[in-house]
Amino acid sequence: MPAVPLHVQTLGGFTIRRGESAIVINDRSRKLCLLLARLLQTRDRPVPCGELTALLWDGQVPGTASLNTLKAILHRARSLLDQLGPGTGRELLLNREGCYQWNPKVPLTLDTEEFSSRLREGGRAKNLDRRIALWTSALELYQGDYLPSLSGCPWAAAQAETLRQSYLQTVQQLLPLLAGRERWQETARLAGAALLLDPCREELCCWRLEALLHLDRRSEAVQVYEQFHQRLLTQQGVLPSQGLRDLYQQARREEDPRSISPVILQEQLRETGQTGALLCEYDFFRAICRSVGRMAERTGASLHVALLSLSGGEQSVLARHSLDRAMNNLEEILSTRLRRGDAFSRCSASQFVLLLPQASFENSQMVCTRITRAFSRQYPHSPAVLQSSVLPLIPQRQS
């Protein structure tokens, strides 16, 4: 009677099935799990004990204790496999002249081998429908990362990364083929599954949103985008691309136009791509000063403003074009020399006012001195003379 074939799952878990029987190999014994996985992968050849001990003990020089422990692990592995049927352990795990081997004569299906085989066959298929079918069936085998309980083991982690990249690369090749045939349900499902593995890959989110829009599942598309937006901002500190935001706006068209979503509010309020101090209109600058002043009053922190004035010096008035040029030059210096948390504004034709949070009076004077020196160095032939004064910003108390 032919032997009953085995079916082994290592993607997303570790399960060995034979007929109606199955055993789940958990992470309670990492060395046992690692031993079985390695013997399964290399079942075409006997594996020397030294190679196995180096793997199980992460490259350490094996000793007598390690070899004895290896024998004990083998005994436990055989006992575990006996749950598939009496004598299965000795049938599957062979001991041959200082080597161990998984019995290559017992028929076996290993999910990673089937996964890779279908990917290769799909890549060779010239008929696109057959390619789609093969790749889809291969990706369905990928139930998660390879041996997740062994993620800390270098050998298993390397295998897992190779398989994960194969999965993601195939997903990116398959999604356009599914979309080209308007198989939007499959496109949405596949992009969603891949996003679980690579939560910040924007191309996957784009495909999922586009598919959901074609399926008229706009509320779901909005939710997918907002969750992705938050992950991207939290983990990488960046916003989604304009193309992805356009898809989001398309999904929100049928929502209540009188309301604003938290994501839209966050995008409208968030400043991106700006360096240096904040340049703002004078009315807005006054509002900032009042807000920061209230916080300073509550915390007792110091708060000062500095007034920078350009003139022609003693008994001299600057021509209009000279003043405008000098003000533009000074604005450029302020934009680069002040801290990102500072703010400044033109408060007259010849003056800038600076807000310097958390700077003492002395530090504020030093800032003004640096600005004055920088202006003189960069524009030594300017007819303008720069003067400064520092004033404490004292919030007006309610009576």
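The values are calculated or read from the model by the stated rules, or taken from the named source; none is laboratory data. Predicted, not measured: the structure shown is a model, and the values here were computed from it. Note that each Cβ is placed from the backbone with ideal geometry, even for glycine, and that neighbours are counted across all protein chains shown. Areas reflect the complete protein model, heavy atoms only, side chains present, ligands, DNA and RNA absent. Shrake-Rupley method; radii C 1.70, N 1.55, O 1.52, S 1.80 Å.
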Could you give me the residue pairs with C-beta distances under 7 Å whose first residue belongs to segment 79-92 and is closer than 13 Å to Gly19 by Cα and among the aromatic types (Phe, Trp, Tyr), whose second residue is in a helix (DSSP H, G or I) and modelled with pLDDT of 90 or more wherever it lies, and which are 6+ apart or on separate chains?
-> none
How many residues does segment 197-236 hold that are open to solvent by 40 Å² or more (accessible area, probe 1.4 Å) and either of a type in the set (Gly, Ala, Ser) or over 24 Å from Glu182 (Cβ atoms) (or both)?
-> 9
Taking into account only those residues within segment 366-385 that are more than 43 Å from the chain's Cα centre (by Cα) and closer than 27 Å to Ala296 by Cβ, which is most open to solvent (accessible area, probe 1.4 Å)?
-> Thr369
Among the residues of segment 171-189, which ones are in contact (Cβ under 8 Å) with a residue 24 or more places away in the chain, in a helix (DSSP H, G or I) and open to solvent by 10 Å² or more (accessible area, probe 1.4 Å)?
-> Gln172, Gln173, Leu177, Ala179, Trp184, Gln185, Glu186
Evaluation of Asp324 against (1) more than 13 Å from Ala277 (Cβ to Cβ); (2) open to solvent by less than 50 Å² (accessible area, probe 1.4 Å) (one fails), failing number | (2)
Checking Leu391, Leu330, Leu334 in turn, the sole residue that is open to solvent by 60 Å² or more (accessible area, probe 1.4 Å), touching a residue at least 40 places away in the same chain (Cβ under 8 Å) and hydrophobic (A, V, I, L, M, F, W, C) turns out to be Leu391
Only residues in segment 202-215 that are closer than 10 Å to Gln185 by Cα count as the first member; pair them with residues that are modelled with pLDDT under 95 and of a type in the set (D, E, K, R), Cβ under 6 angstrom, at least 6 apart or cross-chain, and list the lot.
-> Leu212/Glu220
Of all residues in segment 166-197, which are closer than 16 Å to Gly144 by Cβ and among the aliphatic types (A, V, I, L, M)?
-> Leu168, Val171, Leu190, Ala193, Ala194, Leu195, Leu196, Leu197
Applying the selection to segment 122-133, what residues are open to solvent by 60 Å² or more (accessible area, probe 1.4 Å) and either part of a loop (DSSP other than H, G, I, E, B) or within 16 Å of Ala160 (Cα to Cα) (or both)?
-> Lys126, Asn127
Members of segment 337-358 that are small (Gly, Ala, Ser) and open to solvent by 10 Å² or more (accessible area, probe 1.4 Å) | Gly341, Ser348, Ala349, Ser350
Among residues of segment 134-151 being open to solvent by less than 40 Å² (accessible area, probe 1.4 Å) and of a type outside the set (Ser, Thr, Tyr), the residue farthest from Gly180 (Cα to Cα) is Leu150
In segment 278-299, which residue that is free of Cβ contacts under 8 Å to residues at least 40 places away in the same chain and of a type in the set (Lys, Arg) is surrounded by the fewest Cβ atoms within 10 Å (Cβ to Cβ)?
-> Arg298
Taking Gln165 as the residue in question, decide whether it is without any contact (Cβ under 8 Å) to a residue 24 or more places away in the chain, in a helix (DSSP H, G or I), out of contact with any Lys or Arg (no Cβ under 9 Å at 6 or more places or on another chain) and more than 23 Å from Asp44 (Cβ to Cβ).
-> yes
From Gln143, Gln185, Gln173, grab the single residue that is over 19 Å from the mean Cα position of the chain (by Cα) and either among the charged types (D, E, K, R) or at pLDDT below 95 (or both).
-> Gln143
Do any residues in segment 143-154 that are touching a residue at least 24 places away in the same chain (Cβ under 8 Å) have Cβ atoms under 7 Å from those of residues that are of a type in the set (Ser, Thr, Tyr) and crowded, with 18+ Cβ neighbours inside 10 Å, where the two are at least six apart or on different chains, and which pairs are they?
-> Tyr146/Thr10; Tyr146/Thr112; Leu147/Thr10
Can you tell which of Arg346, Arg377 is out of contact with any Ser or Thr (no Cβ under 8 Å at 6 or more places or on another chain) and modelled with pLDDT under 90?
-> Arg346
Report whether or not Gln60 is out of contact with any strand residue (DSSP E or B) (no Cβ under 9 Å at 6 or more places or on another chain), modelled with pLDDT under 95 and among the polar types (S, T, N, Q).
-> yes
